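Since every read-out is calculated from the coordinates, none of them should be taken as a lab result. Everything numeric in this text was worked out from a predicted model, so none of it was measured. With ideal geometry, Cβ positions are generated from the backbone for all residues, glycine too; neighbour counts draw on all protein chains shown.
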Amino acid sequence: MKDDKLTIVSFLCNWCSYEGADKAGNARLNYPANVRVIRVMCSGRVDPEFVIQAFKEGASGVLILGCHPGDCHYKKGNYKTLRRIYLLKKTLEGFGIEPERVRLDWVAAGEGERFAKVANEMVKTIEKLGPLELSEV
Amino acid sequence: MAKPKVAFYWCASCGGCEEAVVDLAEDILKVVEAVDIVFWPVAMDFKKKDVVAMKDGEIAVSFINGAVRTEEQEEMVKLLRQKSGLVIAFGSCAHLGGIPGLANFWNRDTIFERVYKEVPSIANPKGVLPKTKTKVGDMELTLPEFWDTVRTLDQVIDVDYYIPGCAPPPDIIMNAVSAILEGKLPEKGSVLAPDKSLCDTCPRSEKKPEKISMKEIKRPYEIISDPEKCFLEEGIICLGPATRSGCGEKCINANMPCRGCFGPTKEVIDHGAKGLSAIASILGIEDEEKLSEEDVQKLVDKIVDPAGLFYMYSLPSSLLRRKKI
């Protein structure tokens, strides 16, 4: 990514997606440094407040990655995430924030390539949208 | 000993908070006996110059209701802050932004356009809009500046305590007044109401099932809801899980769901985010593994205007404060 000021805060679940990112690293797959990884125990730990706080503090995009449906380490955490993040995206539209700035996807522990692909796609999306300039109040 | 001096003021509000003071009924006599009201534009004839003439800190307590949206309101609350020992944000609008705070989904231009040109009840063929200065002959008329953004009281001046509610109920007001008179106030910045969620004190909680799953979303007018049943169980969005208790469950008892006027409990930063999180977490979770992502989206899409719903009373106090201009 050319503009390294664009930050994408990424929440990765400990059991699948963080392992997947690790795999991408081991395989020397490239993804832009704009993607900043925060490990959480489950994608279900990602409170909508965290996403809004990330935007408030200057993130241009937020990526949330969890286990594929049915594979959650805690059985049902990612089902809750699916509902919360979709409703959050719809709510953010009311604030003039493009829903594409938030992406929820599933990356399994063995899917290093998929992690790199999703990360690269997200960077492209955010590059197209540009920085999120919230109004000064 | 001289009685402590008290002031009341209103900013962007509906007048309901002023009525709430009158709603103290006989109790207001106890208040009037204990204090001297030195400023209350809605009920008594004092002027701004009377406040200006006072010494700094001379007023013991100022109760200010309403959000801050104009230059005049900002000037008056700054003046009252200077002249007061304690400032209390009184009611939802001063506390969180309240209903007037929903204007933060628009800005001054779009609001003026709508109010002075578009609404069906307006006749304004010349398209005149309010201005801060207008020449009339050789005179100049002035109006206070109307800001793009509605702010909570504590975004404009330092606030000591908060009395929540739209409008605050009499018992919450009396408890606060007694605490002030007896000097039994909690730490500065506290909301003078219980720190429990509404579900905790809800009269319907006893009959609530162990686990609630909202199978579908209904709006209150679409069904005749059972006055014994939890609203969420019936598919009606109620913000009880994310909202502070202390209101006396008036809406619930009138068979209407909570819309969040008491704001969040102490540890929550963003009331709307917590509300939407609570609702989403119980939406279609029965056999959730069988629902496809499209099914879930269809279910969520039934929620009309989620931003306006979850931030109904708290938009200016939220993390984002307003829509992007």
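Pick out, from B:143, B:282, A:94, the residue whose Cα sits farthest towards the positive end of the charge dipole of the protein assembly as shown, with +1 on the Cβ of Lys and Arg and -1 on the Cβ of Asp and Glu.
The residue sitting most towards the positive pole is A:94.
Could you please report the charge total around residue A:132, scoring K, R as +1 and D, E as -1 over all other residues with beta-carbon less than 12 angstrom from its beta-carbon?
Charge balance in the 12 Å sphere: 0.
Could you give the nm distance between label points at residue B:155 and residue B:188, where each point is 7 Å from its Cα heading toward the beta carbon?
Rounded to a tenth, the inter-label distance reads 2.2 nm.
Once the dipole of the stretch A:8-129 is set up with Lys and Arg at +1 and Asp and Glu at -1 on Cβ about the Cα centre, which of A:37, A:24, A:70 lies farthest towards its positive end?
In the stretch A:8-129, that residue is A:70.
For chain B, what does -39500 (n - 2.57) per DSSP helix run (n ≥ 4), summed and divided by total residues, give at 222 nm, in deg cm²/dmol to the nearest 500?
Mean residue ellipticity, 222 nm, calculated: -7000 deg cm²/dmol.
Give me the aspartates and glutamates in straight-line cross-link reach of residue A:5: C-alpha distance below 18 Å, same-chain residues under 8 apart excluded.
Partners found: A:57, A:121, A:127, A:133.
What does the average come to when, for each residue of peptide A:90-100, you count the partner chain Cβ atoms lying within 10 Å of its Cβ?
That works out to 6 on average.
If packing is taken as the average number of other Cβ atoms within 10 Å across a peptide's residues, how do B:223-234, A:42-53, B:306-317 rank, most packed first?
Ranked from most to least packed, the peptides come out as B:306-317, A:42-53, B:223-234.
Using a ≥ b ≥ c from the Cα gyration tensor of chain B (square roots of the eigenvalues), is it rounded, prolate or oblate, where a/c under 1.5 gives rounded and otherwise the larger of a/b and b/c decides, a/b for prolate?
The shape class here is oblate.
Give, to the nearest whole percent, the P(r) tail of chain A beyond 20 angstrom, counting all Cα pairs.
Everything past 20 Å amounts to 42 percent.
Return the percentage of antiparallel bridges among DSSP beta bridges fully within chain B, rounded to the nearest 5 %.
Here the antiparallel bridges make up roughly 30 percent for chain B.
Can you bin the stretch B:107-147 into rounded, prolate or oblate? Criterion: square roots of the alpha carbon gyration tensor eigenvalues sorted a ≥ b ≥ c, rounded for a/c under 1.5, prolate for a/b above b/c, oblate for the rest.
Since a/c reaches 1.5 but b/c is at least a/b, the shape of the stretch B:107-147 is classed as oblate.
Test of understanding: what is the full-extension gain from residue B:70 to residue B:52, defined as 0.36 nm times their sequence separation minus their Cα-Cα distance?
My answer for the length gained is 4.5 nm.
Give me the extension gain from residue B:123 to residue B:43: residue separation times 0.36 nm, minus the current Cα-Cα distance, reported in nm with one decimal.
Stretched out fully, the residue B:123 to residue B:43 stretch lengthens by 25.5 nm.
In whole Hz, with x marking every Gly and Pro, tabulate ³J(HN,Hα) for the stretch A:9-15 from phi via Karplus 6.51 cos²θ - 1.76 cosθ + 1.60, θ = phi - 60°.
Rounded to whole hertz, the list is 7, 10, 9, 10, 6, 4, 8.
Ordered by packing density, taken as the mean number of other Cβ atoms within 10 Å over each peptide's residues, highest first, how do B:292-304, A:63-75, A:8-20 rank?
The densest-packed peptide leads the list: A:8-20, A:63-75, B:292-304.
If you plug each phi of the stretch B:227-239 into the Karplus form 6.51 cos²θ - 1.76 cosθ + 1.60 with θ = phi - 60°, what whole-Hz ³J(HN,Hα) values come out, in order, with x for Gly and Pro?
So the J values, rounded to whole Hz, are x, 9, 8, 4, 4, 5, 4, 8, x, 9, 5, 10, 8.
First select every other residue whose beta carbon is under 14 angstrom from the beta carbon of residue B:25; then total the charges, Lys and Arg +1, Asp and Glu -1.
Around residue B:25, the charge tally is -4.
Averaged over peptide B:131-144, how many Cβ atoms belonging to another chain are found within 10 Å of each residue's Cβ?
What the average comes to for B:131-144 is 0.
For chain B, modelled as a Gaussian network with Cα springs under 10 Å, which listed residue fluctuates most, B:153, B:181, B:198?
Per the Cα network of chain B with a 10 Å cutoff, B:181 tops the list.
DSSP beta bridges in the protein assembly as shown, what fraction antiparallel, as a percent rounded to 5?
The answer is about 20 percent antiparallel.
Any chance you could run the full-extension gain for residue B:208 through residue B:301? It's 0.36 nm times the residue separation minus the Cα-Cα distance, nm to one decimal.
Length difference between fully extended and current span is 30.9 nm.
Apply 1/(1 + (r/R0)^6) to the Cβ-Cβ distance of residue B:34 and residue B:113, taking R0 = 41 Å, and write down the FRET efficiency to the nearest 0.05.
Efficiency, rounded to the nearest 0.05: 0.25.
Assigning unit charges at the beta carbon (Lys, Arg +1; Asp, Glu -1) and nothing else, what dipole magnitude in debye, to the nearest 20, does the stretch B:172-224 show about its Cα centre?
Taking the Cα centre of the stretch B:172-224 as origin, the dipole is about 240 debye.
So how many Å³ per residue does the convex hull of the Cα atoms of the protein assembly as shown work out to?
It is 191 Å³ per residue.
Pop out the ³J(HN,Hα) list for the stretch B:290-306 in order, Karplus 6.51 cos²θ - 1.76 cosθ + 1.60 with θ = phi - 60°, rounded to Hz; leave Gly and Pro as x.
Each residue's phi maps through the Karplus curve to give 8, 8, 7, 4, 5, 4, 5, 4, 4, 5, 5, 4, 6, 7, 7, 6, x Hz.
Taking Cα pairs under 8 Å and at least six residues apart, what relative contact order does chain A come out at, in percent?
Contact order relative to length: 37 percent.
Is it possible to state the helix-based mean residue ellipticity at 222 nm for chain A, with each DSSP H run of 4+ residues giving -39500 (n - 2.57), the sum divided by total residues, to the nearest 500 deg cm²/dmol? What is it?
Using -39500 (n - 2.57) per qualifying helix, the result is -12500 deg cm²/dmol.
Given R₀ = 25 Å, FRET efficiency for residue B:287-residue B:228 by Cβ-Cβ distance, to 0.05?
Rounded to the nearest 0.05, the efficiency is 0.45.
Of B:13, B:38, B:51, which is farthest towards the positive pole of the stretch B:1-52's charge dipole, taken about the Cα centre with +1 and -1 on the beta-carbons of Lys, Arg and Asp, Glu respectively?
B:51
When only Cα pairs under 8 Å and 6 or more residues apart are kept, what is the percent relative contact order across the stretch B:198-317?
Over the stretch B:198-317, the number comes to 28 percent.
Please give the net charge around residue B:158, taking every other residue with its beta carbon less than 15 angstrom from that of residue B:158, where Lys and Arg add +1 and Asp and Glu add -1.
Counting the neighbours of residue B:158, the net charge comes to 0.
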